[in-house]
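What follows is one structure encoded as structure tokens, with my remarks underneath.
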Amino acid sequence: MEAFTAPRITDDDHVRGPADAPVTILEYGDFECPYCRGAFRDVRLLVDQHPAEIRFVFRNFPIPELHPHAEQAAEAAEAAAAQGSYWAMHDLLLQPYSHLDIDSLVTYAEVIGLDIPRFRRDLTDRAYAGRITADIEEGIRNGVNATPKFYVDGQRVDGKVPLENLVPMVDSALSAVQRRSAQPRSPQPRSATERQR
């Protein structure tokens, strides 16, 4: 069996939620993948139910052989990120009704208030193609073979249905955090000054 590297979250990642959250969900996704769109609502609900305990990270893994607009959509999300609006674009792209042709992407950019000439230029110049390629290469090293592919605290979530094992793994991680925080702390040794009193 081939060994894969566990993903590490970096400063370049798109993170929703507190940076110091004790549980991390990472998704490698494709904006045109119907399963990613289906998972979006449930993952968002899971994150919203635990706003202080979970941080969510999304990385691009477009599969253009199956989804011809996926790469362009990923570049649109990165172009929005360059203007400080990654998550607004991410959420629009994953709606069930979303179209991913260039005119639709520009419309979404207008809706979230982006600088449209800059956005169009970034798409035309494929300014973020390198970022997409880096995410794909890292995904392959992490063992991604389909989308969506989830990881909880670096552990790959397997299963035929993307969410069938995600919720139990998140629940287990949250329970572990609660157990650790409930453990009594061992008393700290007194300082020399305190011992002399």
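Remarks
- Fully extending the segment from Arg179 to Ile102, taken as 0.36 nm per residue of separation minus the present Cα-Cα distance, adds 22.8 nm.
- Spin-label proximity, Tyr35 to segment 86-101 - amide N less than 19 Å from point 7 Å beyond Cα toward beta carbon: 94-96
- Computed [θ] at 222 nm, helices only, for the chain once each DSSP H run of length n ≥ 4 contributes -39500 (n - 2.57): -14000 deg cm²/dmol
- Ala134-Gln155 FRET efficiency (beta carbon distance; Förster radius 35 Å; 0.05 resolution): 0.95
- Dipole-positive endmost among Val106, Asn145, Leu93 within segment 14-182 (Cβ charges, Cα centre): Asn145
- Charge dipole (Cα centre; +1 on Lys/Arg Cβ, -1 on Asp/Glu Cβ; no other charges) of segment 35-102 amounts to roughly 180 debye.
- Angle in degrees between helix 129-141 and the longest Cα principal axis of the chain, rounded to the nearest 10: 50 degrees
- Taken about its Cα centre, the chain carries a charge dipole of roughly 1200 debye when the Cβ of each Lys and Arg holds +1 and the Cβ of each Asp and Glu holds -1.
- Taking the longest Cα principal axis of the chain as reference, the axis of helix 34-49 is set at about 30 degrees.
- Mean projected area of the convex hull spanned by the Cα atoms of the chain, taken over all viewing directions: 15.6 nm².
No lab work stands behind these numbers, since they all come straight from the coordinates. Everything numeric here is computed off the predicted structure, so don't read it as measured data. All Cβ positions, glycine included, derive from the backbone under ideal geometry; neighbour counts span all protein chains shown.
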